[in-house]
Amino acid sequence: RPRTVICYICGREYGTKSISIHEPQCLKKWHQENDKLPKNLRRPEPKKPEVRTVQAKGFYDLDSLNEAAWTSAQNQLVPCDICGRTFLPDRLIVHQRSCKPK
């Protein structure tokens with residue numbers, strides 16, 4: 001399987017060459033969607049995790065990079081006040097319409 005890198009914004013996997021193209025576009029989309037949310041659901045901009053180079057040649061440890069990116073993407077999820085499940089803020093609004101207390 002080809003090596004992939006996880007986007008720290010959306011949590012999806014991309015090829016090592018594609019991630020540098022995807023991240024600026026994903027961040028732009030994130031800003032557009034975040035600006036549409038009600039003020040109480042807006043989030044601070046996600047910060048790219050810093051992973052130090054492992055070897056003198058300047059290569060990154062992809063496993064560490066992916067773990068940090070996955071954690072960053074998961075930290076952006078917001079819990080439902082009723083059931084506790086986590087969602088992206090725009091999806092939480094849709095979920096709360098049908099979420100009933102037990």
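The values are calculated or read from the model by the stated rules, or taken from the named source; none is laboratory data. Since the structure is predicted, the reported quantities are computational estimates derived from the model, not experimental observations. Virtual Cβ from ideal backbone geometry, glycine too; neighbours counted across all protein chains shown. For accessibility, only protein heavy atoms count, side chains too; no ligands or nucleic acids. Shrake-Rupley method; radii C 1.70, N 1.55, O 1.52, S 1.80 Å.
Side notes on the structure shown:
- Kirkwood Rh and Cα Rg combined as Rg over Rh, evaluated for the chain: 1.06
- Positive-pole candidate from Trp70, Ile9, Leu27, dipole of the range 4-77, charges at beta carbon: Leu27
- Per residue, in Å², the accessible surface of the range 1-43 once ligands and nucleic acids are set aside, probe 1.4 Å: 72 Å²
- Of the accessible area of the range 61-102, computed with a 1.4 Å probe over protein heavy atoms only, carbon and sulfur atoms account for 53 percent.
- Here Lys39 is the anchor, and the lysines within straight C-alpha reach of less than 24 Å, apart from those fewer than 8 places off in the same chain, are Lys28, Lys29, Lys47, Lys48, Lys100.
- Amide H contacts for Val5 (H built 1.01 Å from N in the peptide plane; partners 5 or more residues away or on another chain; cut-off under 5 Å): Tyr14, Gly15, Thr16.
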